[in-house]
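Engineer: Here's a structure for you.
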């Protein structure tokens, strides 16, 4: 009679179906991924592709002012994303700590 404890078998983890998790981000169900980040990544890639296609097709006809406009659009887009990220972080802090604002002593 030995008093050795037998190690408990570890439960096997089921593999993660990343495609299913990606699709769930567009529903109301819980997912591993952030739908906001995925949507922003898709918008960024589409905007980048449109910019590259436009510049490649019109490289010989582009004027300096048009390049400045393209750069300005990218700067505005970057600023918009920064503001949205700041707003999201602020909302997450407020939702995780609701008592700090309701009872300012």
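Engineer: For the chain, just the Cα atoms, rotate onto the principal axes and tell me the three extents in Å, largest first.
Structural biologist: 89, 48, 27
Engineer: May I pose another question? Output the 0 to 90 degree angle, nearest 10, between the alpha-carbon long axis of helix 64-96 and the longest principal axis computed from the alpha carbons of the chain.
Structural biologist: 30
Engineer: Work out the FRET efficiency for residue 91 and residue 17 from their Cβ-Cβ distance, taking R0 = 30 Å, and round it to the nearest 0.05.
Structural biologist: The formula returns an efficiency of 0.50 here.
Engineer: Run the helix sum for the chain: -39,500 (n - 2.57) per DSSP H stretch of 4+ residues, divided by residue count, reported at 222 nm to the nearest 500 deg cm²/dmol.
Structural biologist: Calculated mean residue ellipticity at 222 nm is -21500 deg cm²/dmol.
Engineer: Something else about it: Under 10 Å, Cα contacts only: if you run a Gaussian network model on the chain, which one of 81, 45, 58 comes out with the highest mean-square fluctuation?
Structural biologist: 58
Engineer: At residue 4 and residue 48, where each label point lies 7 Å from the Cα along Cα→Cβ, what is the point-to-point distance in nanometres?
Structural biologist: Each label point lies 7 Å from its Cα, and together they span 5.6 nm.
Engineer: Taking the Cα atoms only, what angle lies between the long axis of helix 35-57 and the longest principal axis of the chain, rounded to 10 degrees?
Structural biologist: On a 0 to 90 degree scale, this one is about 30.
Engineer: Mind telling me which of 31, 95, 82 comes out most flexible in a GNM of the chain, alpha-carbon contacts under 10 Å?
Structural biologist: 95
Engineer: Something else now. Build a GNM of the chain with springs between Cα atoms under 10 Å: which of 39, 14, 61 gets the top mean-square fluctuation?
Structural biologist: Residue with maximal mean-square fluctuation among 39, 14, 61: 14.
Engineer: Give, in nm to one decimal, the length gained when the segment between residue 32 and residue 56 is fully stretched (0.36 nm per residue of separation minus the Cα-Cα distance).
Structural biologist: That pair, residue 32 and residue 56, stretches by 4.9 nm at full extension.
Since every read-out is calculated from the coordinates, none of them should be taken as a lab result. Bear in mind that the values here come from a model prediction, so they are computed numbers and not experimental data. In this analysis, Cβ positions are derived from the backbone assuming ideal geometry, glycine residues included, and neighbour counts consider all displayed protein chains.
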